[in-house]
Amino acid sequence: METPTTPTDNNGIPGSESQPTKRRRKKSIVWEHFTIETVGAGCTRACCNQCKRSFAYITGSRMAGTSHLKRHISLGICPVSRQKNQMTPYTPGSKTDATDVPKRRYTRAHASFSFDQDRCSHEIAKMIIMHEYPLHIVEQQGFINFVRSLQPQFNMVTFNTIQDECVAIYHREKQSLLNLITGSPGRISLTVDLWTSNQNLGYVFLTGHFVDSDWNSYSQILNVVTVPSPDSGDTFSQAILTCLSDWHVEGRLFTITLDQSLSNETIIGNLKGLLSVKNPHMLNSQLLIRNCYARVLGRLAQDMLGALSEIIMKVRESVKFVRTSESHEEKFVQLKQQLQVPSTKKLSIDDRTKWDTTYHMLVSACEMREVFACLDTYDSDYKIIISLEEWSQVETLCTYVKYLFDAANVVAEPAYPTANVFFPIISQIQVELMQAAVSEDSFVSSLIRPLYERFDRYWENCCLVLAIAVIMDPRYKKQFVDFTFSKIYGENAETWIRLVDDGLHELFLEYMMRMLSLPETLMVEGNEDIIRSDPPEAAEASHEEAADGLSDFDIYLSDITGGQQMKSELEQYLEESILTPRAQDFDILGWWKEKTTKYPTLSKMASDVLSIPVSTVAPDSVFNTELKKMDSYRTSLGAANLEALICAKDWLRHGPFPQPEPQPLEVSNDMVKMEFLA
């Protein structure tokens, strides 16, 4: 074997003189780790200086290049190099991280890359927030090794440093959201949800719902307040007051939605009293306190399922019998094919903490009840007997649970829906339960009657606000409310229609008074919803003209025009034809945005009404049967850090927030009262 040589260029043949005029390339760093050996005529190989393994380099006119040699060193394929790196502790700037591994030759796409320690720390903090990793992950050896393998120059941060960075992100995002809320012209609604922990601590989640100046809707967690006694009535009052003060919206609260179990008369009374100090209640507080739609549906579903708990248990055990054994499942499938049962559903065992999974289990089992009925003759291990009557009862149960399931799915979507979509859904449930409660089928009536009585109380609590919301939908308007009430109340429908009509006009009047800042004495007697179109100066001028002796002319003008006053925006809107066809993907906020010039006051009322929330729970918790619990790691955090991590995750997921024109953060009560004059 000839004496080893070292190449003088990146890929050229060592010692070659056949191309003396060719420009030499810069020497590759791989030759610090490899030596070229000539093994025959026209054949040279590269030998690793550490593990002595040889690699193809040049065979005749064919050149293998150096990429595979770089990989041998940089990816740790070389066993000697890998062992050396594992035994040598890492220190920033050491020879291990810079010279023992070939430096990456950056392409043009990487030419502008520069390492930034602060940015890397910021991205780690965002990762921890968004994926709920524990803060001490930065001190875990596995994570440290992973980060060093990506960027040896990175100096790993400590627990305290990453905690400070997470809190800094929280404050930056909070300021951004605060600017957005402050710059939004309308009012804000709150939902209040309660989490618990094994330490019997309470965590009050307050979420704000509003529409910004560009008609984008937002539903953002504003505060997570840790309370020592979740059963205390003052817990929620103080948490709400803290939230309103923290976000400078004391005078802009529109509605509050609570879990029904939290909204007893004492709590409601305390809330109304405390909030009335700084917040002007709209519509005499009739809209202020709402009940949680998802929790109402969830409790009704659990009560329905509980009524047939023994039969459902037999169905559950039957499904378990099939799903927990491959041999049993194989026999079940064979029997299904023999019986030619057309169902394409797959049997699934339910999760009792989510009522929708029980519904799905029952639906799929009902479709294959013929298979279960014959399974004992095909599989001798199956001993469970479910009668035809029991299957019929389960099928009937599923029919009514489906109404609740479909209704709950509306708020299970990631994008929170506007309030107008709920009136058709909830009114349909009211109709179905009302009819079932008086059914001639004794099983149906006994199952549904107690549930209907409970849902009817919720319907009475929410029908006014939801009716006003659906009237703000140009596809439905007041005609849909009239139609629905006639089905629900029959001969008494007119009373309920008048209730909604009065509430609608009274609410619009409040917005008119706020917009025009006019005293109530300027209302037209007998037509409280109609405001004189002339400003006070014009009214004074008309009195002066009447003093000129032409009052009889004014009477004549009044006679020929029928004494009609200018119609309000509300009346004009209601008299316009309903929008057709009734598109399902209708952008109602976009529609009102286009109508702001035509309906300046009504559009502001619509933006507030349409942003009213009906559910307090997050989309992924709509079907939960238990209150959410804070895990042990989060409960170990301080209250401030816990709030920062939870809120920042929500804001990062929906941000960045658009920033309105700069406005002062401190908004006085007087300014709030005049906010709609702009």
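Computed over protein heavy atoms with a 1.4 Å probe, the carbon and sulfur contribution to the accessible area of the stretch 134-173 reaches 53%. Per-atom-type breakdown for the stretch 176-330 gives carbon and sulfur 46% of the accessible area (1.4 Å probe, protein chains only). Protection proxy ranking for 386-394, 143-151, using the average of other Cβ atoms within 10 Å per residue and placing the highest first: 386-394, 143-151. Largest accessible area first, the residues Glu139, Glu173 order themselves as Glu139, Glu173 under a 1.4 Å probe with ligands, DNA and RNA left out. Between the amide H of Val227 and those of Gly202, Tyr203, Val204, distances stay under 5 Å, these residues lying 5 or more places away or on another chain, with hydrogens modeled in the peptide plane. Annotation: per residue accessible area for the stretch 416-461 equals 42 Å², rounded to a whole number [probe 1.4 Å, protein chains only].
For the stretch 465-514, the gyration tensor built on C-alpha atoms gives an oblate shape. Its axis ratio a/c (a ≥ b ≥ c) is at least 1.5, and a/b is not larger than b/c.
Probing with 1.4 Å while keeping every protein chain in the model, the per residue accessible area of the stretch 319-379 equals 55 Å². By the compact-protein rule of thumb, 2.2 N^0.38 Å, the alpha-carbon radius of gyration of the stretch 276-414 corresponds to a ratio of 1.41. Report note on the peptides 609-619, 493-503, 448-458: ranked by the mean count of other C-beta atoms within 10 Å, highest first, their order is 609-619, 448-458, 493-503. Remark: spin-label model distance Asp620-Ser61 equals 6.2 nm, labels positioned 7 Å along the Cα→Cβ axis. Hey, any idea what % of the stretch 375-499's accessible area is carbon plus sulfur with a 1.4 Å probe? Exposed carbon and sulfur together represent 52 percent of the surface. Surface calculation, 1.4 Å probe, protein heavy atoms: Asp118 sits at approximately 120 Å² accessible. In this view, the solvent-accessible surface of Ile137, computed with a 1.4 Å probe and all protein chains in place, comes to about 20 Å². Our coupling estimate for the stretch 494-509, obtained by passing each phi through the Karplus curve with A = 6.51, B = -1.76, C = 1.60 and θ = phi - 60°, is 4, 4, 6, 5, 5, 4, 5, 4, 5, x, 4, 5, 5, 5, 4, 4 Hz, Gly and Pro reported as x.
Model label sites at Asp456 and Leu274, defined 7 Å from Cα along the beta-carbon direction, differ in position by 3.4 nm.
The values are calculated or read from the model by the stated rules, or taken from the named source; none is laboratory data. Owing to the predicted nature of the structure, the values given are computational and were not obtained by experimental measurement. Using ideal geometry, Cβ is built from the backbone for each residue, glycine included, and neighbour counts are taken over all protein chains shown. Side chains included, ligands, DNA and RNA excluded: accessible areas come from the protein's heavy atoms. Shrake-Rupley method; radii C 1.70, N 1.55, O 1.52, S 1.80 Å.
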